[in-house]
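Student: Take a look at this one; I'll ask things after.
Each reported figure results from applying straightforward, stated rules to the coordinates on display, with no laboratory input. None of the values given here were measured: they were computed from a predicted structure. In this analysis, Cβ positions are derived from the backbone assuming ideal geometry, glycine residues included, and neighbour counts consider all displayed protein chains.
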Amino acid sequence: MKQQHAFQEREREVYHKIAPALSLLDDPDDSVSLHITEYLASFGSMIVPIIRKELKDQQSTHGIATLENVLRKLQAEGLHEVKEYVLSCRNRQITPDMYTLFDLLSHFGYPESNAWIIEAQLNAMADAVKDHIEHTGAHNEEQRINSLNAVFFDQFSYRPPSSHYYLPEHCFFYSVTEKRIGIPLALSILYIILGNKSGISLQGIGMPLHFLVKSTKLDTFIDVYNYGVTLTKEDCLNFLIKAGIPYSETMLDPVDSEDMLFRMLRNLYHCYKREQSEWELEQIVAILEFFDIEH
């Protein structure tokens, strides 16, 4: 409650600071619009809720364009941070932290995304998993994963989309944790992070067409998109045969967070292409081409 009050107070303070700039939104002078865009964007993510409210009330076409440019500038900064973080990790020869990487990507879809809030939610869920493990007396890995499933799917109701699969919102931490709906990869990433926070060591498996998760202690695979159902290697092979994909042993190898990022970027490419969101599509194409990733 105190944090919410502090946030509202900060938002009011920011609004008073930017009110003079907002009053000039309908000024047709391009130099004024550019100055306003730069000024508003300088406040960072804290200004996004205000911008979204202003967009709903704004009557001027010129004003709407300026406000949208502010959001796009912040979105572009988020994607730039993703690129810089990957390059930094490569230079240090380390694997990017999964949570950090996908939190940064979330800023592209939702510049207002707050890493602290999302991580607090995951920490609370991890505590619930640990409590469930203790309460049920889960000792072996299968039982511990059952506890993870009970919390992730039953208690917190994470699930696949029932319609409109290709909405970009199904890919980003911010919207997936808010609505608890996501594509297989997004759900799997959150599931892996939650499992690892709960003391269950999980890896991502980049099987073609359908991302899976695997415990480092078991031979079977977990289909997070289908509410944690267990799959054998033979099940995966049959899936690939039905899909007309020649099987290779490497298809069931673990992948790292950077591989997951590129897979998610390709998903976003198809989402934005389907939505005919030209600006967003251009940004995704640019980062894929920068890393020499086919889309």
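Student: Suppose R0 equals 35 Å; then what is the FRET efficiency for GLU141 and TYR165 from their Cβ-Cβ distance, rounded to the nearest 0.05?
Tutor: Values: r = 31 Å, r/R0 = 0.89.
That pair, GLU141 with TYR165, gives E of 0.65.
Student: Name the most mobile residue of LEU34, LEU231, LEU105, meaning the one with the largest mean-square fluctuation, in a Gaussian network model of the chain with Cα contacts below 10 Å.
Tutor: With Cα springs under 10 Å in the chain, the top fluctuation among LEU34, LEU231, LEU105 is at LEU34.
Student: Another one. Under the rule a/c < 1.5 gives rounded, and otherwise a/b versus b/c splits prolate from oblate, where does the range 108-158 land using the Cα gyration tensor? Walk me through the intermediate numbers first.
Tutor: On the way: a/c = 3.26, a/b = 2.53, b/c = 1.29.
Here the range 108-158 falls in the prolate category.
Student: Sticking with this structure for a sec: Which of the three applies to the range 1-122, rounded, prolate or oblate, going by the alpha-carbon gyration tensor with a ≥ b ≥ c and a/c under 1.5 meaning rounded?
Tutor: Taking the square roots of the gyration eigenvalues as a ≥ b ≥ c, the range 1-122 is oblate.
Student: Ok, one more. Rounded if a/c is under 1.5, else prolate if a/b is larger than b/c, else oblate: which is the chain, with a ≥ b ≥ c the root eigenvalues of its Cα gyration tensor? Each step should come with its number before you reach the end.
Tutor: Details: a/c = 2.38, a/b = 1.65, b/c = 1.44.
Cα axes put the chain in the prolate bin.
Student: What whole-number distance in Å separates the alpha-carbon centres of the range 53-110 and the range 216-256?
Tutor: Spelled out, the Cα-based centre of one part sits 33 Å from the other.
Student: OK, next. Over 21 Å between Cα atoms: which of LYS197/LYS233; LYS217/LYS242; LYS17/LYS179; LYS179/LYS217; LYS197/LYS217; LYS130/LYS217 fall into that group? Mind dumping the intermediate values first?
Tutor: Details: LYS197/LYS233 26 Å; LYS217/LYS242 28 Å; LYS17/LYS179 32 Å; LYS179/LYS217 31 Å; LYS197/LYS217 16 Å; LYS130/LYS217 18 Å.
Pairs exceeding the cut-off: LYS197/LYS233; LYS217/LYS242; LYS17/LYS179; LYS179/LYS217.
Student: Can you tell me the relative contact order of the chain? Whole percent, Cα pairs under 8 Å, sequence separation 6 or more. Write down the numbers at each step before the final one.
Tutor: On the way: 337 pairs, mean separation 37.5, N = 295.
About 13 percent, as a whole number.
Student: Averaging sequence separations of C-alpha pairs under 8 Å and six or more residues apart, then dividing by the length of the range 45-141, give the relative contact order as a whole percent. If you can, show how the numbers build up before the last one.
Tutor: Details: 53 pairs, mean separation 28.6, N = 97.
Computed over the range 45-141, the figure is 29 percent.
Student: Can you give me the relative contact order of the range 153-295 as a percent, contacts being Cα pairs under 8 Å and 6 or more apart?
Tutor: Values: 179 pairs, mean separation 27.3, N = 143.
RCO, the range 153-295: 19 percent.
Student: Still on this structure, I have one more. Using the alpha-carbon centroid of each, what span in Å lies between the range 146-196 and the range 257-276?
Tutor: 16 Å
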